[in-house]
Amino acid sequence: MGGPVKLLIVGAGSRGGGFAGYAAKYPGRAVVVGVAEPREFYRNRLAEAHRIPEANVFDDWQPAAERERFADAAVIATPDAVHAGPAVALAKKGYHMLLEKPMATNEEDCRRIAAAAIDNGIIFAVGHVLRYTVYTQQLKSIVDSGAIGEAVCIQHLEPVGYWHQAHSFVRGNWGNEARSSFMLMAKSCHDLDWLRYIMGVRCLRVSSFGSLCHFRKEHKPEGAGDRCLDCPVEPDCAYSARKIYLGRVAAGHTGWPVDILTPDVTVEGVTEALRAGPYGRCVYECDNDVVDHQVVNMEFEGGRTATFTMTAFTEAGGRKTRIFGTRGQIEGDGREIRVFDFLTDRAQTVDTEAGDASIPGGHGGGDHRLMSSFISAVANNDPEMILSGAAETLETHLMVFAAERARREGTVVQVPE
Ligand SMILES: NC(=O)c1ccc[n+]([C@@H]2O[C@H](COP(=O)([O-])OP(=O)(O)OC[C@H]3O[C@@H](n4cnc5c(N)ncnc54)[C@H](O)[C@@H]3O)[C@@H](O)[C@H]2O)c1
């Protein structure tokens, strides 16, 4: 293919805007030629920044999908519940596709999307950014090299972080299952996908426990208000929106998560958003129903096992992993990898950040490397550059659905083929 890859951005919010930013930074590799976004401010901002012709600016994905294909690829970054519609329609039009995770919020839609991607022969990637980081690639190559013998079991922690839980999964877009999806899908589909990637074999069966333990009305402190700005006990609350957002603005930090509240990231703009918007609500007075902690046990082919813990009740930080092999063990924190060898009783540490400090972008460089791999795959018509394609991503989403069913039903669930 000659010239930059032409992109249609579907959903110009936080993620869609971020992926479009790649084209602004690397104009020789990608160019944004269309946008579909219902929110006027975000639609216009992206259209103006990329000088998109008016005919290619839409207020919904549907009219964009009705047009003849006018771009090489679509980036779908709509809310979780609005993935299947645009993904299937645009795959049928022959758009290559970068679809944000989760693929969809129910099993049937995930299968429909995977089938549409495969049947239409498009290059298809899901936003499982963790696979693409330098850290993951190094970790996987150590495991695959046999340095710790056979990896028999893995212990993996996702420390969501107390304020991130409050922001995204209590007050924010992913707090209510009917509006988005269950927590394990919304947040931890990354982790189950990652565990399967590192193990290198299929997960056969799962069990799970978890609940919404803390962010409930009955835990509201006595005398607390419904909004943090006029709450008398706010100074003593770890989840205070005043602390989480205005505290960051005062420290000069106006990027994520502050910019999710309002495009006006001044003290006045954020105060107004806290007064009237969802992010100023008391965490004990929201319509959230997703779990705030969950564990999953997994059995993989060959009798190998993994345990996973997701919890809100941590300092936000990188995921922590221990991999136990027949000849050694590995500990990783998203940056450093420590490999201990049973034969020599010695440990070696690799600092993956130092190995590649130039990578910009979120998720330890995963966002950038996913987008870069996707653009290269489209430009060279080479699906091999994609680490999160249709078949394997469907497989790991089926793991997530099975684990959630196990939690709800209190049973051990087989992961379907
Ligand atoms: N890969 C990751 O690590 C990661 C991180 C965060 C979010 N996500 C996923 O990315 C997706 C987007 O999340 P976000 O944080 O950007 O949310 P967001 O709310 O900032 O953006 C979503 C955008 O989609 C738009 N939209 C809604 N309905 C639409 C329609 N019918 N047609 C076109 N656009 C429509 C919304 O107006 C909004 O601007 C979600 O599925 C989310 O789960 C992935």
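Is there any pair with a first residue in the stretch 189-200 that is in contact (Cβ under 8 Å) with a residue 40 or more places away in the chain and of a type in the set (K, R) and a second that is part of a helix (DSSP H, G or I) and open to solvent by less than 20 Å² (accessible area, probe 1.4 Å) whose Cβ atoms are under 9 Å apart and which are 6 or more apart or on different chains, and what are they? Listed pairs, sorted by first residue: R196/T396; R196/M399. Checked against (1) at pLDDT 95 or above; (2) buried (at least 18 other Cβ atoms within 10 Å of the Cβ); (3) within 15 Å of the ligand (Cβ to nearest atom), A49 passes all but condition (2). Here V295 clears all of (1) assigned to a loop (DSSP other than H, G, I, E, B); (2) within 30 Å of V152 (Cβ to Cβ) except the condition numbered (1). From the list A241, A186, A166, the one residue that fits, being within 18 Å of the chain's Cα centre (by Cα), farther than 14 Å from V400 by Cα and either open to solvent by less than 40 Å² (accessible area, probe 1.4 Å) or touching a residue at least 12 places away in the same chain (Cβ under 8 Å) (or both), is A166. For the stretch 13-32, the condition of being more than 8 Å from the ligand (Cβ to nearest atom), touching a residue at least 12 places away in the same chain (Cβ under 8 Å) and within 28 Å of R111 (Cβ to Cβ) holds for at least one residue. Taking residues in the stretch 107-127 that are outside any loop (DSSP other than H, G, I, E, B) and within 16 Å of the ligand (Cβ to nearest atom), and partners anywhere that are open to solvent by 50 Å² or more (accessible area, probe 1.4 Å) and at pLDDT below 95, not one pair has Cβ atoms closer than 9 Å while being at least 6 places apart or on different chains. Within the set Y95, Y42, the sole residue that is more than 9 Å from the ligand (Cβ to nearest atom) and either open to solvent by less than 10 Å² (accessible area, probe 1.4 Å) or under 25 Å from G366 (Cβ atoms) (or both) turns out to be Y95. Screening A316 against (1) of a type in the set (A, V, I, L, M, F, W, C); (2) under 21 Å from V126 (Cβ atoms); (3) open to solvent by 20 Å² or more (accessible area, probe 1.4 Å); (4) touching a residue at least 60 places away in the same chain (Cβ under 8 Å) leaves a single unmet condition, (2).
When A55 is tested against (1) at pLDDT 95 or above; (2) within 15 Å of the ligand (Cβ to nearest atom); (3) more than 22 Å from A377 (Cβ to Cβ); (4) of a type in the set (A, V, I, L, M), exactly one condition is not met: (2).
Among the residues of the stretch 324-363, those that are farther than 26 Å from T305 by Cβ and either within 16 Å of the ligand (Cβ to nearest atom) or at pLDDT below 95 (or both) comprise D351, E353, A354, G355, D356, A357, S358, I359, P360, G361, G362, H363.
Looking across the stretch 128-145, the residues that are part of a helix (DSSP H, G or I) and either within 16 Å of the ligand (Cβ to nearest atom) or without any contact (Cβ under 8 Å) to a residue 40 or more places away in the chain (or both) come down to V129, L130, R131, Y132, Y135, T136, Q137, S141.
The values are calculated or read from the model by the stated rules, or taken from the named source; none is laboratory data. Owing to the predicted nature of the structure, the values given are computational and were not obtained by experimental measurement. Every residue, glycine among them, receives a Cβ derived from its backbone with ideal geometry; neighbour counts consider all protein chains shown. Side chains included, ligands, DNA and RNA excluded: accessible areas come from the protein's heavy atoms. Shrake-Rupley method; radii C 1.70, N 1.55, O 1.52, S 1.80 Å.
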